[in-house]
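Only one structure is covered here, and it is reproduced in the block below.
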Amino acid sequence: MLPTFSSRAFLAPMAGVSDPALRLQCKKMGAGLVVTEFTSIHSIIAKEKQLKENKKTIQEFLEYSEQERPLSVQLFGSDLLALEKAAKIVEPFFDIIDYNMGCPAPHITQQMAGGALLQEVNLTQQIFSTLVNAVKKPVTLKIRLGVTEASKYLFKDIAEIAEDEGIQMITLHPRTVTQGYSGNADWQMIKELKEISNIPIVGNGDITTPEDAKTMIDQTGCDYIMIGRGAMGNPFLFEQINDYLTTGTYKKYTFKDKLDAFFEYLHLTTQYNIKFSNIKSQAMRFTKGMNGGAKLRPKISRTKNLIELEKIMNDAYV
């Protein structure tokens, strides 16, 4: 059984972005579900072995806080034995196990993982069956349309197999793998998936405003929406969407609010092992659309440590 979600707006898994500090911030702002950065099944197995020797658990590697619940962990990799093992390792710590069949990055697709799996129907079926049988927690799936424009209806076959094998929810990012993040997400495809599915469907792609969120729900009939790039440096979006869906209005946030939010993010990072380079990238995202943000970003990129970064961000308060 899927857990109960406090809202219809979810935070997408994003490599180098959806770290535990940002996830917690988005959760506090009203995200109904947050998902870890996608993680290789092989690195989970290797890390667990290492951690066990030091009497530690996988939580040292896949960091999170209890306040994020319900919390989903996203896995990638297609080696069935490793998949089963990794799923069993993470199961005690997470509420949902999500499987990635959408990543378009070549270093992922080349290892028969992510979006490349969309064209491997038999292997896909084995993957779903392996995962669902390995754990008692609900298993969900994130997919793209297909690999190329010519195969953009592959998602329908994959979704049917997924449902038959016991996958409990599907997120569709309606672009092909070769599209990457270019062009527009084809929301009509989310509607088509919703029409043939008996499980909850999450629409993902090109939601950057509360109005976008409502339009996607109205146009596609999807049960939930997932926000990726729109939430980068903008955790307020979840509160705004929730308010807009219930009341038709929402609070606007100022540049000062964005700076305050960055410092809140920075404070949260102290509890986790987040690389400075990632924190610096988050700082860049928080300055998008900010007065003087374009001048600020080159300065941020030159910072070498947290003290320098804090000073530059503090000086931005005008």
For the stretch 250-283, what are the residues that are surrounded by fewer than 18 Cβ atoms within 10 Å (Cβ to Cβ), of a type outside the set (Gly, Ala, Ser) and closer than 21 Å to Thr36 by Cα?
Glu264, His267, Thr270, Gln271, Tyr272, Asn273, Lys275, Phe276, Asn278
Could we say that Ser43 is touching a Gly at 6+ places or on another chain (Cβ under 7 Å) and exposed (fewer than 15 other Cβ atoms within 10 Å of the Cβ) here?
no
Would the stretch 116-137 turn up any residue that is under 24 Å from Phe5 (Cα atoms), among the β-branched types (Val, Ile, Thr) and part of a helix (DSSP H, G or I)?
yes
Does Glu37 meet the test of being free of Cβ contacts under 8 Å to residues at least 60 places away in the same chain, in contact with a helix residue (DSSP H, G or I) (Cβ under 7 Å, 6 or more places away or on another chain) and of a type in the set (D, E, K, R)?
no
Within the stretch 87-101, is there a residue that is among the charged types (D, E, K, R), in contact with a strand residue (DSSP E or B) (Cβ under 8 Å, 6 or more places away or on another chain) and farther than 20 Å from Arg144 by Cβ?
yes
With Lys214, Lys194 as the choices, which residue is surrounded by fewer than 23 Cβ atoms within 10 Å (Cβ to Cβ), in the same structural domain as Cys103 (by TED's automatic domain parsing), in contact with a Cys (Cβ under 6 Å, 6 or more places away or on another chain) and not in a loop (DSSP other than H, G, I, E, B)?
Lys194
Breaking point among (1) crowded, with 21+ Cβ neighbours inside 10 Å; (2) among the hydroxyl-bearing types (Ser, Thr, Tyr); (3) over 26 Å from Gln111 (Cβ atoms), for Thr57
(1)
Got a sec? Which helices (runs of 4 or more DSSP H) wholly within the stretch 265-318 have at least 1 residues that are of a type in the set (Phe, Trp, Tyr)?
276-286
I'm trying to understand the selection: among the residues of the stretch 117-129, which are in contact with a helix residue (DSSP H, G or I) (Cβ under 7 Å, 6 or more places away or on another chain) and either crowded, with 20+ Cβ neighbours inside 10 Å or charged (D, E, K, R) (or both)?
Leu117, Leu118, Thr124, Ile127, Phe128
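The values are calculated or read from the model by the stated rules, or taken from the named source; none is laboratory data. This one's a predicted model, so the numbers in the text were calculated from it and none came from an experiment. Methodologically, a virtual Cβ is constructed for each residue, glycine included, from the backbone with ideal geometry; neighbour enumeration extends over all protein chains shown.
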